[in-house]
Every structure is written in structure tokens, then in C-alpha cells.
Amino acid sequence: MRVFSNPVGPASLWFNNLSTADGTPVAYDPQARAFITTPPYCRNRDIIGCNWIAPEEGAFCRSCAMTALAPDPEIPNVMPNWAKAEAAKRWVLDNLGRWNWFRPEDPGAPPVFHMLGDGPTPVAMGHVDGVVTIAVAEADEILRTTRREALDEPYRTMIGHFRHEIAHMLWWRLSQRSDFLDAFRSVFGDEREDYTAALERHYADGPPADWGSNYLSIYASTHPHEDWAETAAHVLHLTDITDSLVSAGFSSPELPPPGWDPYAEPNAERLIRAAVSIIMGINHVNRSMELPDIYPFVLSDATQRKLSFVHEWLRRGAQGR
């Protein structure tokens, strides 16, 4: 994620800012990728702290307009969780916008979001035909940590959830192209395999013994759909980690020259190599404070080939260039 210029002063602004250090209200224009001081602001600004602009007074911003179902405000603690979930959604949509996904120039369908609060039965996150369902309760750090530990996952965040579920939607979009499915199946396998049976087998028998050599996560080994979604999420992880470090002004001998834009990098191997060098250093710094590694994954040769495949398709952008 970029570090943004302050339109009224010398200090920088960060992606989630609602105001400058001196209290001047600002809003983010996702089309210009810049902060401005002039309304109209998103209708959800005072409700959930959305900091994006709106097309007109009283309207939703581009991100909030994609939310077709919002959680019941009567559910305890749902509003702060919804606010955090929508902030994560804006972050991921802006990441994908760097490749022109879901912007006005994208000729395809945008995702539709059902942002639901847990009732007596927890909400199951997923994607069906362009509709992404998100459990906003997962924005609660204690609940999310409890579920992460119960599932023995190394990483579980709201941004991670959005990257994974939107990746399913991107596969759905790409599958409508005549040149995608055969290429996909040659790398990930045949997604026409019975999904329910694959999940049942996974939970009954566990992952294959060599899953670490071929998949980024245990869950990726369940089915080609999940392998794609996990891999696409990791492409976004690696690109955004690298972009954030470059934007913050840090440098490394392993990075390309100043001015390099990770989102514009056509060579996936170069991007992965830079990302891995950054991650190893930041993981080491985190350990000095007894904090978790920011990227607790190992990239095998097979997973790097999958990352390169997904990177190529996502980088082409919504217009398939």
C-alpha cells in the first residue's frame, strides 16, 4: 500500500486516515489514488468510519456500494466489527485496483458482498456466482485467534479473508474467458472434481503427506478451487508487502532501483525474490519483540510456479491485456 501525500500540509497520510494531524477532514479518492479535502463523503463515514469519497451527496462510496447485505445492527458488538471488515475490504479492493480490477474501466461484474453478523449459527464465508459472503465477527481479534488456533492455521486476518474470497470471485470472472480454463487445469488440476467430496476426504484423512512441497497451505490441498484462492491471496500478500516497504521509503540491496513499482512488475520471479528477501528481514525484526512472523510460509518450487501463473493472470487486469 502506498503512503499518500497530505493535500494541506507536509506530513504523509495513511490509507485509513479520516483527517490530517491538524484535524482537517480528508477522504480517499480511489480513482485518483489520492486524498482530498472536499466532499461529498461516503454515506457510511459517520456510521462505520468509511474514508472514501462518494459520487454525490448522500451516496455510498464505490466500496460500500458493493455491500448488498449489511449486518443486523442489533447484534452485540457488530458495528465495530463491521467497520473493521469494511476497512479490510477497501484495502483489498484498492490493491486489486492497481491492476484495474473493479474500477470504472473494468468491463466485468464487480463483486457483491454480504457482510453478515453471526447469529445462533456462525456465518460461513464463501463465494457463489459473484457474491462474496464475509463473517464480520472475524474482525474480533480474540474470536479470530481462537479459530486460527483451533484450525492450526499460521495466518488468519480480515485482509487475508477478503483476498481469499475475492480470489474465488476472480476465478469465476476469468473462467468465462476462452483461454483460461485449460491453462488453469494444466497447473492446478481439474476443478470439476466434486468439491463437497474433496472437503469431506480432506477433513477425514487430512492433507497429503507431501502437501508442503506442492501447496502454500494445508487448506490449499483440498481442491483446485482452494489452491487457486490461496495462491491468489498470496500473490496479493507478497505484492502488497513489497509495495508497502518501497512506499515507506525503505531500501535493500535485494530490491530493484528506486522508483520500482511492484504492481507494475511483469516478472513474477523478480517480484517473489524481492518479497522473500524483505520478508526474511521483517520476520527477523518481529522475533526481536517476540511477535509472530508476518509471513509464516515456505515457498517451494511448485508453489512458486503457481504464484507466477496467478500473477500473470491478475496482472493482466480486468481487460485481459
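The values are calculated or read from the model by the stated rules, or taken from the named source; none is laboratory data. Keep in mind that what you see is a predicted model, and the values were worked out from it rather than measured. Reconstructed Cβ throughout: ideal geometry from the backbone, glycine too, with neighbour counts over all protein chains shown. The accessibility values were calculated without ligands, DNA or RNA, using every heavy atom of the protein model including side chains. Shrake-Rupley method; radii C 1.70, N 1.55, O 1.52, S 1.80 Å.
Test of understanding: among Arg148, Arg173, Arg185, Arg201, which residue is part of a helix (DSSP H, G or I), in contact with a Gly (Cβ under 6 Å, 6 or more places away or on another chain) and more than 16 Å from Leu299 (Cβ to Cβ)?
One residue alone meets the criteria, Arg173.
Of all residues in the stretch 38-49, how many are open to solvent by 50 Å² or more (accessible area, probe 1.4 Å), out of contact with any Asp or Glu (no Cβ under 9 Å at 6 or more places or on another chain) and not charged (D, E, K, R)?
Number satisfying all stated conditions: 2.
Report whether or not Val310 is open to solvent by less than 30 Å² (accessible area, probe 1.4 Å), within 30 Å of Arg201 (Cβ to Cβ) and out of contact with any strand residue (DSSP E or B) (no Cβ under 8 Å at 6 or more places or on another chain).
yes
Need the failing condition index for Asp94 against (1) farther than 30 Å from Asp261 by Cβ; (2) open to solvent by less than 50 Å² (accessible area, probe 1.4 Å), just the number.
(1)
Can you name the condition, by its number, that Asp227 falls short on among (1) part of a helix (DSSP H, G or I); (2) at pLDDT below 95; (3) open to solvent by less than 50 Å² (accessible area, probe 1.4 Å)?
Only one criterion is unmet by Asp227, namely (2).
Could you give every pair whose Cβ atoms fall below 7 Å, whose first residue belongs to the stretch 248-264 and is touching a residue at least 60 places away in the same chain (Cβ under 8 Å), and whose second residue is not small (Gly, Ala, Ser), counting only separations of at least 6 or pairs across chains?
Filtered contacts from the stretch 248-264: Ala248/Val3; Tyr263/Arg98; Tyr263/Trp99; Tyr263/Thr239; Tyr263/Asp243.
Going through the stretch 50-77 one residue at a time, which ones are of a type in the set (A, V, I, L, M) and either surrounded by fewer than 22 Cβ atoms within 10 Å (Cβ to Cβ) or modelled with pLDDT under 95 (or both)?
Result: Ala54, Ala59, Ala65, Met66, Ala68, Leu69, Ala70, Ile75.
Given the residues Ala197, Ala150, which is the only one that is free of Cβ contacts under 8 Å to residues at least 24 places away in the same chain, closer than 27 Å to Phe113 by Cβ and either open to solvent by less than 30 Å² (accessible area, probe 1.4 Å) or more than 17 Å from the chain's Cα centre (by Cα) (or both)?
Ala150
Please verify whether the stretch 226-237 includes one or more residues that are hydroxyl-bearing (Ser, Thr, Tyr) and over 18 Å from His161 (Cα atoms).
No, the stretch 226-237 contains no residue that is hydroxyl-bearing (Ser, Thr, Tyr) and over 18 Å from His161 (Cα atoms).
Can you tell me how many residues within the stretch 204-221 are open to solvent by 10 Å² or more (accessible area, probe 1.4 Å), within 23 Å of Leu174 (Cβ to Cβ) and assigned to a helix (DSSP H, G or I)?
Going through the stretch 204-221 one residue at a time, the tally reaches 3.
From Glu226, Glu290, Glu230, which residue is in contact with a Leu (Cβ under 9 Å, 6 or more places away or on another chain) and free of Cβ contacts under 8 Å to residues at least 12 places away in the same chain?
Glu226
So which residues in the stretch 266-307 are open to solvent by less than 20 Å² (accessible area, probe 1.4 Å), more than 18 Å from Ala167 (Cβ to Cβ) and among the hydrophobic types (A, V, I, L, M, F, W, C), if there are any at all?
Once the filter is applied, which keeps residues that are open to solvent by less than 20 Å² (accessible area, probe 1.4 Å), more than 18 Å from Ala167 (Cβ to Cβ) and among the hydrophobic types (A, V, I, L, M, F, W, C), the stretch 266-307 yields Ala274, Ile278, Ile279, Ala302.
Give the number of residues within the stretch 1-33 that are open to solvent by less than 60 Å² (accessible area, probe 1.4 Å) and within 20 Å of the chain's Cα centre (by Cα).
9
Determine which member of the set Asp129, Asp140 is open to solvent by 50 Å² or more (accessible area, probe 1.4 Å) and more than 27 Å from Ile279 (Cα to Cα).
Testing whether each residue is open to solvent by 50 Å² or more (accessible area, probe 1.4 Å) and more than 27 Å from Ile279 (Cα to Cα) leaves just Asp129.
Within the group Trp91, Trp99, which residue is part of a loop (DSSP other than H, G, I, E, B), hydrophobic (A, V, I, L, M, F, W, C) and under 22 Å from Leu236 (Cβ atoms)?
Trp99 is the lone residue from the list that is part of a loop (DSSP other than H, G, I, E, B), hydrophobic (A, V, I, L, M, F, W, C) and under 22 Å from Leu236 (Cβ atoms).
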